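Q: Have a look at this one.
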Amino acid sequence: MEFSKELFVKESYEPDSQDVEEKSITYWQNVWIRFKRNKMAIGSLAIIIFMILGCIIIPIVSPYTISEQNLNAVNQGMFKDGHIFGTDSFGRDLFVRVWYGTRISLIIAFSAVAINLIIGVIYGGISGYLGGKTDEVMMRIVDVVISIPHLIIVMLLMVILKPGMVTIILAYATVGWTGMARVVRGQVLHLKELDYVVASRLLGSGALRIIIKDLFPNAMGVIMVHLALTIPRAIFTEAFLSYIGLGVQIPLASLGTLVTGGSAAFRLYPHVIVIPALFMCILMLAFNVFSDSLRNIIDPKMRR
Amino acid sequence: METFRYIMKKLIISLITLWVLVTITFFLMHMLPGDPFLGEKAISEATKEALYAKYGLDKPLVIQYLTYLGNALRGDFGESLVYSGQPVMKILMSAFPYSFELGLYSLLFAGLAGIISGIFSALHNGDKKDAIAMFIAAIGISVPSFILGSLLQYYLAIKLSNWSAVHFGYQLFAVEGWENAAQKIIPVFVLGFGELAVISRMTKASFLDVIGQDYIKTAKACGLSKFQIIKNHMLRNGIMPVITVLGPMAASILTGAFVVENIFNIPGLGKHFINSIQAQDYTMIAGTTILYGSFLIAANLLVDIAYIFIDPGIKLGKKNA
């Protein structure tokens with residue numbers, strides 16, 4: 001065997017390639033990388049963003065308004081005279097109404113969940129951080145509130161207060177915070193014993209600083225998962241209240257009231273109920289799939 | 001001893017919850033604007049006072065509250081404002097069997113079908129069949145029962161049944177009512193479908209845990225058939241976590257029943273509840289709320305207690321951590 005000189009090529013020495021260190025990424029960058037790989041997660045997120053943009057933009061740019069009646073064009077089918085989804089029994093354009101209803105449903109869901117977040121984080125944070133007797137008492141209160149059937153209390157409140165958007169949000173928030181409080185409390189109990197928190201305390205951080213700077217950012221993942229899980233529940237509660245006649249009142253319309261209103265003319269004009277129902281199911285499905293994927297990515301142990 | 005203390009603790013919390021529920025209901029009902037006798041014809045001051053005295057409304061609020069509490073303990077919620085002269089409890093008791101039957105069938109359907117589809121998913125974890133089963137489960141969770149109910153009522157009970165009546169002289173499903181199987185199948189399916197999805201997902205997660213265990217490998221190595229392994233080794237352990245969802249499930253079946261009973265015109269509790277809300281029949285609303293509440297609280301208590309007997313490994317008192 002002969003060795004020609006061509007076989008031996010001098011390797012150019014690059015010190016950079018020897019570097020074993022990877023670029024460090026933050027927790028949320030890591031979550032985002034894993035999120036991008038998950039087709040279901042990306043798909044559902046895309047649908048949610050599409051729905052949010054649609055419900056903001058379409059009612060603004062549409063030539064019709066939600067309560068504008070045109071009694072000459074009642075119960076039109078789809079794609080007639082510029083009405084993409086046709087009209088309802090008052091001649092109102094269904095396309096605008098469905099998007100507007102999505103907007104109202106989403107506003108209700110997001111606000112209710114935001115209030116739950118604030119109350120739950122404060123309550124759970126205090127309970128978990130203080131621990132001991134305070135924790136015991138505060139958690140027994142949560143036990144009691146959680147055992148009272150939520151929907152029934154929400155319905156009772158709605159009977160007494162005047163039905164409307166703000167009322168639905170308030171009624172849902174009075175009972176909805178317990179789940180979040182439990183989740184946050186569990187996280188805080190677990191985190192506050194970890195070394196970095198003890199170190200922070202030794203360095204002289206006060207309670208508030210520890211909660212805001214040390215505990216909260218690390219509990220964020222679990223909180224996000226719980227938030228995503230409660231949004232479809234809030235949407236469902238709103239629809240349910242609308243169904244039994246305690247929902248938002250005219251001239252407002254939510255997806256729930258659209259479906260309920262459509263059920264009157266349903267047998268003659270199925271599209272009046274099918275379209276809002278479809279919107280609602282797609283929205284719920286997207287949020288459910290999204291929260292499921294998020295949970296699997298952020299906390300695989302919670303998969304049960 | 002530990003078990004006893006755990007049960008006592010749960011029992012006390014349940015009783016407190018019940019008391020809070022009755023109290024909230026009473027004071028919320030009291031906050032309502034208006035006068036219970038205002039709707040009738042103009043009545044003189046003397047008659048009004050007599051009526052107030054009869055129902056104890058002239059007494060201080062605290063006395064009224066204690067009276068209500070005492071009456072509620074004996075199952076007396078007063079008389080319905082709409083069906084005059086009818087005690088609330090009597091109406092509720094006549095409606096209860098319908099709701100109970102509907103709920104029970106739905107739970108059985110959801111439980112059986114959910115566990116089977118969950119096991120199926122777990123055995124085919126990750127492939128197409130699993131994806132299809134889990135997608136159906138996701139739909140079950142995402143479609144509200146009033147949508148599913150209205151659609152099925154239209155397409156199955158009206159369209160399909162008319163078609164079958166014309167072509168075979170036999171009507172497949174009935175549109176409403178609660179007497180025979182033709183009427184019962186669709187409501188039970190609608191009510192159970194959402195719960196089926198929950199149970200199916202729970203079963204899948206739990207069975208995936210069990211499939212990875214060593215004793216399943218041992219059983220396989222011993223040459224047992226797939227069916228034997230599932231039946232004798234997986235089922236008992238895999239099914240346990242599923243029991244925990246039964247408590248919350250009782251709640252969602254009850255509230256789901258409001259809608260289903262209303263759509264299919266079943267004379268159960270839910271239909272009465274919705275009617276009483278729409279007719280503003282306040283004594284009826286309060287009575288139904290408390291009855292529902294007590295039922296759910298009892299269901300949760302039973303599930304909590306049942307769970308410690310089924311799974312002795314559960315750490316008592318640390319469930320919330």
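Q: Can you give the accessible area per residue of chain B, in Å², using a 1.4 Å probe?
A: Computed with neighbouring chains in place, this is 52 Å² per residue.
Q: Calculated from DSSP H runs of 4 or more alone, at -39500 (n - 2.57) each and per residue, what is the 222 nm mean residue ellipticity of chain B, nearest 500?
A: Here the helix-only value at 222 nm equals -23500 deg cm²/dmol.
Q: Here is a follow-up. Which three semi-axes in whole Å describe the equivalent ellipsoid of segment B:68-194, each the square root of 5 times a Cα gyration tensor eigenvalue, listed largest first?
A: For segment B:68-194, the semi-axes come out at 36, 24, 12 Å.
Q: Kindly provide the Kirkwood hydrodynamic radius of the protein assembly as shown in Å, to one decimal, from all pairs of distinct alpha carbon atoms.
A: About 27.7 Å, per the Kirkwood formula over Cα pairs.
Q: Note the direction-averaged projected area, equal to a quarter of the hull surface, for the Cα convex hull of segment B:2-310, in nm².
A: So the Cα hull casts an average projection of 22.5 nm².
Q: Moving on. With a 10 Å radius around each residue's Cβ, average the other Cβ atoms per peptide and rank B:94-105, A:182-193, A:269-280, highest first.
A: A:269-280, A:182-193, B:94-105
Q: Principal axes first, then extents: for the Cα atoms of chain A, list largest minus smallest coordinate on each axis, whole Å, largest first.
A: 91, 73, 31
Q: Using the charge dipole of segment B:2-310 (Lys, Arg: +1 at Cβ; Asp, Glu: -1 at Cβ; taken about the Cα centre), state which of B:Ser44, B:Ile277, B:Ile211 has its Cα farthest towards the positive end.
A: My answer, from the dipole projection, is B:Ile211.
Q: My understanding is that a pair violates if its Cα-Cα distance is over 19 Å; which of B:Lys59/B:Lys90; B:Lys184/B:Lys271; B:Lys129/B:Lys204; B:Lys204/B:Lys231 do that in this structure?
A: Table pairs above 19 Å Cα-Cα are B:Lys59/B:Lys90.
Q: Over all directions, what mean area does the Cα convex hull of segment B:220-300 project, stated in square nanometres?
A: Projected area, direction-averaged: 7.5 nm².
Q: Using a Gaussian network for chain A with springs between C-alpha atoms less than 10 Å apart, which of these wobbles most: A:Ile146, A:Ile115, A:Ile250?
A: A:Ile250
Q: If you don't mind, another one. Could you state, as a whole-number percent, how many of the C-alpha pairs of segment B:197-267 are farther apart than 14 Å?
A: 67
Q: Right, here's the next one. Could you work out how far the C-alpha centroid of segment B:195-265 sits from that of segment B:82-125, in angstrom?
A: About 18 Å separates the Cα centre of segment B:195-265 from the one of segment B:82-125.
Q: On full extension of the chain, what length is gained from B:Val166 through B:Ala298, given 0.36 nm per residue of separation minus the C-alpha to C-alpha distance?
A: Additional length available on full extension: 42.7 nm.
Q: Over the alpha carbons of segment A:245-304, what is the largest minus smallest coordinate on each principal axis, giving the biggest first in Å?
A: 48, 23, 16
Q: Which FRET efficiency value, to the nearest 0.05, is calculated for A:Tyr27 and A:His190 with the Förster distance at 22 angstrom and r the Cβ-Cβ distance?
A: 0.85
Q: Could you give the DSSP H helices of chain B that reach 20 angstrom or more along their long axis (alpha carbon positions) and whose average Kyte-Doolittle hydropathy is no lower than 0.0?
A: Helices meeting the span and hydropathy rule in chain B are B:2-31, B:88-123, B:128-142, B:181-211, B:246-263, B:282-310.
Q: Also, quick follow-up: Which residue, A:Leu161, A:Ser147, A:Ala171, has the largest displacement toward the positive end of the dipole of segment A:81-171 when charges sit on each Cβ (Lys, Arg +1; Asp, Glu -1)?
A: The one lying farthest along the dipole's positive direction is A:Leu161.
Q: Considering only A:Ser67, A:Ser127, A:Ser291, give the residue with the highest GNM mean-square fluctuation for chain A, with springs between Cα atoms whenever their separation is below 10 Å.
A: Sorting by GNM fluctuation, first place goes to A:Ser67.
Q: Follow-up. Would you work out which of B:Gly293, B:Ile266, B:Tyr65 lies farthest towards the positive end of the dipole of the protein assembly as shown? Charges go on Cβ: Lys and Arg +1, Asp and Glu -1.
A: Highest projection toward the positive end goes to B:Gly293.
The values are calculated or read from the model by the stated rules, or taken from the named source; none is laboratory data. From a predicted model like this one, the values you see are computed outputs, not experimental measurements. All Cβ positions, even for glycine, are placed from backbone atoms using ideal geometry, and neighbour counts span all protein chains on display. Just so you know, the surface numbers come from the protein's heavy atoms only, side chains and all, with ligands and any DNA or RNA stripped out. Shrake-Rupley method; radii C 1.70, N 1.55, O 1.52, S 1.80 Å.
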